[in-house]
Amino acid sequence: MGKKSRLKKERREREGQKKRKFSEERNIFEPLLVKVIQFGVILALFTPLILSSKFYFPFVGPKSLYFMGIVQIIFFIWLFLILNHKEYRPKFNSIFLALLLFLIVLVVSAIFGVDFSRSFWSKYERMTGVLMWLHLFGFFLVISSTFKRVSDWQKIFVVSISVAMLVGVGALFEKAGIKEFIFSDRGGFTLGNTSFLGTYLLFNAFLALWLFFQKRDWRWRIYSLIAVTLMVPAMYLQGARAATGSFLGGLGLIFLLWLAFQPISKKIKIVGKVLLIASVISVLTAIILLFIPGSFVHQKFGELATQARFKNWEMAKKAFLERPILGWGPENYTIVFTKYFHPLSLIHI
């Protein structure tokens, strides 16, 4: 073998050793990075418990900053992960494309809206501007790419349900008048608002039901039932009527879907499908009647909620007709309210 051939062979061997070493290092860091990301996701699920009296808005501001901080950390770790491991890159499915399209429309609406600064940054009282949506989309990319198995998602749901149980217990103690659990005169425990509390508990109540039907172990089923029996009374007693009604309606819909497609008997399936169609028609009819002044549904909704909602709907309709394509931009409803609100309309409320 000539000298040149021997040198080429040695160079190839050195390059091969470097590649193998680099591959081994990548394989060593891969599980560590994944675990760090998973731990960060778990920490993010504790967001509802975060509050601080040092903030002018002690409920929303601290939670949002906490969540966005965690998302930024795990997102950049995920970027480093996908540079070396293709299997953790996002999959272009229908959910991904739908969320991406929504985000694009939201950004374009903010750009061509009436106040881009407010649309992008929002305010500490709400924190739901484009900046938050970018973080939410980043959070989606991370968890959808990193949590691949059903068991991985079950772990997320268990943590989320457990945190929701703590919130539910705290809300019940707050309703009982225990001072240590009262953080706001508007209720809602650590969320500071009964509507926020109800929406949060609603999602986790259905996650608990999903876990109940997924797990065969009776201990998990007892855990799920305890979670539901804590969260639903907390929603109701805190006055989250929309969330309570949505939970009952969701249970009814799940039962009708099961009745229409699951039983072995064809007769039961037919009955289930008839009931399901009748329910859909009834709900659509109620929605139509809701927007017809003087109808029973319209009047009943005004009694249960407030007549002021109808005035807001009228203003929103006028604003939509003025800018029907991309709207006024997210977080700019205060501008709509100022422009279309008429003080004399309060006389009829």
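The values are calculated or read from the model by the stated rules, or taken from the named source; none is laboratory data. Values in this document were obtained by computation on a predicted structure and should not be read as measured data. So basically every Cβ, Gly included, is an ideal-geometry build from the backbone, and we count neighbours across all protein chains shown. Please note that ligands, DNA and RNA were not included when accessible areas were found on the heavy atoms of the full protein model with its side chains. Shrake-Rupley method; radii C 1.70, N 1.55, O 1.52, S 1.80 Å.
Number of residues in the stretch 230-269 that are touching a residue at least 60 places away in the same chain (Cβ under 8 Å), closer than 24 Å to K155 by Cα and more than 20 Å from the chain's Cα centre (by Cα): the value is 1.
Residue-level analysis places F59 outside the set of residues that are closer than 16 Å to P330 by Cα and in contact with a Leu (Cβ under 6 Å, 6 or more places away or on another chain).
Under the condition of being closer than 19 Å to F247 by Cα and in a loop (DSSP other than H, G, I, E, B), which residue from the stretch 167-199 is most open to solvent (accessible area, probe 1.4 Å)? Step by step, filter the stretch 167-199, then rank; the result is N193.
For the condition more than 26 Å from A305 (Cβ to Cβ), modelled with pLDDT of 95 or more and not β-branched (V, I, T), A227 qualifies. Looking only at the stretch 96-110, filter to residues that are open to solvent by 60 Å² or more (accessible area, probe 1.4 Å) and in contact (Cβ under 8 Å) with a residue 12 or more places away in the chain; which one of those is nearest to L136 (Cα to Cα)? So the residue we want is L99.
I'm checking my understanding of the structure. Among residues of the stretch 46-57 that are within 17 Å of G170 (Cα to Cα) and of a type outside the set (S, T, Y), which one is most open to solvent (accessible area, probe 1.4 Å)?
Initially, the stretch 46-57 is screened for residues within 17 Å of G170 (Cα to Cα), giving 46-52.
Next, only the ones that are of a type outside the set (S, T, Y) stay: 46, 48-51.
Values: F46: 78, P48: 17, L49: 57, I50: 49, L51: 61 Å².
Only one residue tops the list, namely F46.
Tell me whether the stretch 138-146 contains one or more residues that are closer than 30 Å to I226 by Cα, modelled with pLDDT under 95 and over 16 Å from the mean Cα position of the chain (by Cα). The answer is yes, given that some residue of the stretch 138-146 is closer than 30 Å to I226 by Cα, modelled with pLDDT under 95 and over 16 Å from the mean Cα position of the chain (by Cα). One residue is enough: does the stretch 207-229 have a residue meeting the conditions open to solvent by less than 30 Å² (accessible area, probe 1.4 Å), touching a residue at least 60 places away in the same chain (Cβ under 8 Å) and either part of a helix (DSSP H, G or I) or out of contact with any Gly (no Cβ under 6 Å at 6 or more places or on another chain) (or both)? Yes, that holds for at least one residue.
So for the stretch 307-325 (the condition being assigned to a loop (DSSP other than H, G, I, E, B), at pLDDT 85 or above, within 30 Å of V105 (Cα to Cα) and not basic (K, R)), does at least one residue qualify?
Of the residues in the stretch 307-325, the ones assigned to a loop (DSSP other than H, G, I, E, B) are 307, 323-325.
Cutting the leftovers down to at pLDDT 85 or above gives us 323-325.
Checking the rest, the ones that are also within 30 Å of V105 (Cα to Cα) come to 323-325.
Filter once more, so that each one left must be not basic (K, R): 324-325.
Yes; the residues of the stretch 307-325 include at least one that is assigned to a loop (DSSP other than H, G, I, E, B), at pLDDT 85 or above, within 30 Å of V105 (Cα to Cα) and not basic (K, R).
Looking at this structure, is G113 more than 20 Å from the chain's Cα centre (by Cα) and in a helix (DSSP H, G or I)? Judged against the criteria, G113 is not a match.
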